[in-house]
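Single-structure report; data block below.
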Amino acid sequence: MARMNALVLGASGMVGSAICRRLVSGGHEVTGVSRRPLRTDLPVRHILIDMLDPADCRAKATELSGITHVFYAGRAPHGEGGNESVEDNLAMLVNAVEAISAAAPGLKHVNLVHGTKYYGNHLGAYKTPAEEDDPRAPVPNFYFDQQDWISALDVPWSWSAVRPPLVFGFTPGKARNLVSVLAAYAAVMKELGRPFSFPGTETAFDCLAECVHTDHLARAIVWMADAPEAANQAFNITNGDIFRWRHMWQRFAAYFGMESGPPLGISLAETMAEHEPIWNRIVEMHGLAPTPYSDIALWPYADYVFAPTWDIVSDTTRARRAGFHEVIKSADMFTDLFDEYRAARLIP
């Protein structure tokens, strides 16, 4: 792989951070753009750009004339579970890419980080396994507009888009991560003397699910940006396996040294908010790094993850045919990430 001069837009997010790590480990030069400072000791140059402001994009792009690859993991500000603005998300991409394309004559590739909401997996039962050329979900989604815009350009560089399912990783201080949510839920239930029970319904407990580790996803994204076989296409990327929460739950319970109980069919957002004092007691009792309850677990996100009563499965044949063959075991991913949170003294 030739050395890239890479620009990561949305570099402070879960996926953007993982892309930065992957690029740095590969010996590439990396510049990160985000609304917030980067919390990393990686050798990543950081630039603040307001991607909703085309003038700011053009002005800052003059510093980016050597960029060869753009990784777009940015998203317009939005609330948890709320509708994401199609207009703002498209404008951010257009403003940034037009400015960089004009300023960087050596630009070779732009990758877009999207997701499986492209297929409507958040709306209800849909065709599975989902394939990249399946019909789009019948609701507005900025993924559609961004891909339509970039694929219609007459430019000398190529593009690609990645569509991962649920993405998990080691993200201290970011509560929108099922790994820390599960650990906090288990710790509170253990302290209360309750079993570790799946919060969703019996039906959801038995549906097929899939996910992807941030680092695995980043490997795939960097591969896409350099592989000629991946040019001008979208790819589903998962860990490579599927599972049912029923069986995964037994592994979680064993890891935390707990008995598993029956599915509860409850909302964690409604039932866990009152347990902040218990979490604070757990932190003190186990000598954990002081972490606010709001920074360890975003309960509405857990409700979203465990709500589907339908299978969520993507077909990853296209990526394998194009040359990306790496896979990881999701059960091992969870264990490794729990271990990482424990080693950092973030969970008991």
Reciprocal of mean inverse Cα separation for segment 249-309 (Kirkwood radius, Å): 13.4 Å
Counting only DSSP beta bridges fully inside the chain, the antiparallel percentage to nearest 5 is 5 percent
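Relative to the Cα centre, what is the charge dipole magnitude of segment 29-79, using +1 at the beta carbon of each Lys and Arg, -1 at the beta carbon of each Asp and Glu, and rounding to the nearest 20 debye? Provide the component values of the computation, followed by the final result.
On the way: 7 positive and 6 negative charges, 33 e Å.
Dipole about the Cα centre, nearest 20: 160 debye.
Above 19 Å lies some portion of the pair distances; for segment 18-85, what is it as a whole percent of all C-alpha pairs? Intermediate values should be presented prior to the final figure.
Numbers: 935 of 2278 pairs.
The share of Cα pairs beyond 19 Å in segment 18-85 comes to 41 percent.
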Can you give me the Cα centroid spacing of segment 194-229 and segment 62-136 in angstrom? 19 Å
What trypsin sites (Lys or Arg not before Pro) does segment 1-48 have in DSSP loop regions with at most 15 other beta carbons within 10 Å? Arg3, Arg35, Arg39
Options Val212, Leu346, Ala186, ranked by Cα towards positive dipole end of the chain, top entry (Cβ charges): Leu346
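Could you tell me which GluC sites (Glu not before Pro) in segment 94-151 are loop residues by DSSP with no more than 14 other beta carbons within 10 angstrom of their beta carbon? All intermediate terms of the calculation are to be shown ahead of the outcome.
On the way: sites: Glu98, Glu131, Glu132; in loops: Glu131, Glu132.
Here the GluC sites (Glu not before Pro) that fit, given the DSSP loop and packing criteria, are Glu131.
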Based only on Cα atoms, what mean projected area does the convex hull of segment 178-224 have, in nm²? 4.5 nm²
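Quick one: compute the contact order of segment 190-327, relative version, from alpha carbon pairs under 8 angstrom and 6+ residues apart, as a percent. Spell out each step's value before the answer.
Values: 157 pairs, mean separation 59.3, N = 138.
Answer for segment 190-327 is 43 percent.
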Using +1 at the C-beta of Lys and Arg and -1 at the C-beta of Asp and Glu, which of Pro43, Val33, Ala103 has the Cα lying farthest in the positive direction of the dipole of segment 1-106? Pro43
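Over the chain, give the accessible area per residue in Å² for a 1.4 Å probe, as an integer.
Working: 15000 Å² over 348 residues.
With the other protein chains kept in place, the chain gives 43 Å² per residue.
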Can you give the convex hull volume of the alpha carbon atoms of the chain per residue, in Å³? 128 Å³
To the nearest 20 debye, segment 287-348 has a Cα-centred charge dipole, built from +1 on Lys and Arg Cβ and -1 on Asp and Glu Cβ, of 180 debye
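Quick one: dipole size for the chain, taken about the Cα centre, charges +1 on Lys/Arg Cβ and -1 on Asp/Glu Cβ, in debye to the nearest 20. List each step's numbers first, then the result.
Values: 30 positive and 40 negative charges, 145 e Å.
Its charge dipole is roughly 700 debye.
So which trypsin sites (Lys or Arg not before Pro) in segment 81-168 end up in coil per DSSP with only 15 or fewer other C-beta atoms within 10 Å?
Numbers: sites: Lys108, Lys117, Lys127, Arg136; in loops: Lys108, Lys127, Arg136.
Listed in order of number, the matching sites are Lys127, Arg136.
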Cross-link reach from Lys174 to lysines, straight Cα distance under 22 Å and at least 8 residues apart if same chain, gives Lys117
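List the relative contact order of the chain as a percent without decimals, with contacts defined as Cα pairs under 8 Å and 6+ residues apart. Numbers along the way, then the final one.
On the way: 643 pairs, mean separation 65.6, N = 348.
In percent, rounded to a whole number, it is 19.
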Below 27 Å, Cα to Cα, which lysines can Lys108 reach? Residues fewer than 8 away in the same chain don't count. Lys60
Once the Cα atoms of helix 276-286 and of the chain are each reduced to a long axis, what angle between those two axes, in degrees from 0 to 90 to the nearest 10, is obtained? 90 degrees
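Taking a quarter of the surface of the convex hull around the Cα atoms of segment 30-157, what do you get in nm²? Please list the in-between numbers first.
Details: hull surface 36.8 nm².
Convex hull of Cα atoms, orientation-averaged projection: 9.2 nm².
The values are calculated or read from the model by the stated rules, or taken from the named source; none is laboratory data. Note that the structure is predicted; figures quoted are calculated from it, not measured. Note: ideal-geometry Cβ built from the backbone for every residue, glycine included; neighbour counts use all protein chains shown. For the accessible areas, the whole protein counts, side chains as well, though only heavy atoms, and no ligand, DNA or RNA atoms are used. Shrake-Rupley method; radii C 1.70, N 1.55, O 1.52, S 1.80 Å.
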